[in-house]
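Colleague: Input: one structure, supplied below.
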Amino acid sequence: MSEFQIVSDMRPQGDQPEAIAQLVQGLHDGQRCQTLLGVTGSGKTFTMAHVIEAVQRPTLILSHNKTLAAQLYGEFKGLFPHNAVEYFISYYDYYQPEAYLPVSDLYIEKDSSVNEDIDRLRLKTSSAL
C-alpha cells in the first residue's frame, strides 16, 4: 500500500487545523465515534482527507445517497491521485420490487434497470479489497 499523500495547492485554514488535530488525537486515543460538524462548503471533505493523510490508514467513506457518494468519490480521487480511491453503490438506476395490491387484485411485476458503468466500478472496488 502506498503512503496516503494529499495532492493540493490548498492548505488547511481557519478551524480546520484544530479539527484535524483533535480528530487525529481521538483516533490515536482509540475513540470509536467522533463527529465533524460544518455547513455546506466549509471544507469537511478536505479536513477528513487531512485526517486520512495524518493517520495513514485505509478509510471507508459512507454516504446516505448516491449524489453525495459521487461527489465525495470525485473529491477524494482528486486529493489522493496516487492511492486507490474506489466507488461502490447500488448498480440499479431503477428498481421496482414485485408487489400485490389486494384491494384491486393487482400484481405488479418486478422491474429494474442496471447501470453497466456503475457495475464495472463496483467490480473494481471489490478487486481492490
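Colleague: Need pairs with beta-carbon distance below 7 Å; first residue without any contact (Cβ under 8 Å) to a residue 24 or more places away in the chain and within the range 51-79, second in a helix (DSSP H, G or I) and aromatic (Phe, Trp, Tyr); sequence gap 6+ or separate chains.
Modeller: The qualifying pairs are Ile61/Phe76.
Colleague: I would also like to ask the following. Hey, among the residues in the range 74-114 that are touching a Leu at 6+ places or on another chain (Cβ under 9 Å) and not hydrophobic (A, V, I, L, M, F, W, C), which one's farthest from Gly43 (Cα to Cα)?
Modeller: Result: Tyr107.
Here is a yes/no grid of residues against (1) outside any loop (DSSP other than H, G, I, E, B); (2) farther than 18 Å from Phe4 by Cβ; (3) in contact with an Asp or Glu (Cβ under 6 Å, 6 or more places away or on another chain); (4) not assigned by the TED database to the domain that holds Gln5:
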position: Thr45; (1), (2), (3), (4): yes, no, yes, no
position: Ile52; (1), (2), (3), (4): yes, no, no, no
position: Thr59; (1), (2), (3), (4): no, no, no, no
position: Gly78; (1), (2), (3), (4): yes, no, no, no
position: Ile118; (1), (2), (3), (4): yes, yes, no, yes
position: Arg122; (1), (2), (3), (4): yes, yes, no, yes
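Colleague: Oh, and also: I'm told Ile108 meets every condition in (1) touching a strand residue (DSSP E or B) at 6+ places or on another chain (Cβ under 9 Å); (2) of a type in the set (Val, Ile, Thr); (3) within 28 Å of Leu27 (Cβ to Cβ) except one. Can you identify the failing condition by its number?
Modeller: Ile108 satisfies all of (1) touching a strand residue (DSSP E or B) at 6+ places or on another chain (Cβ under 9 Å); (2) of a type in the set (Val, Ile, Thr); (3) within 28 Å of Leu27 (Cβ to Cβ) except (3).
The values are calculated or read from the model by the stated rules, or taken from the named source; none is laboratory data. Computed from a predicted structure; not experimentally measured. Cβ sites come from the backbone with ideal geometry, for glycine too, and all protein chains shown count toward neighbours.
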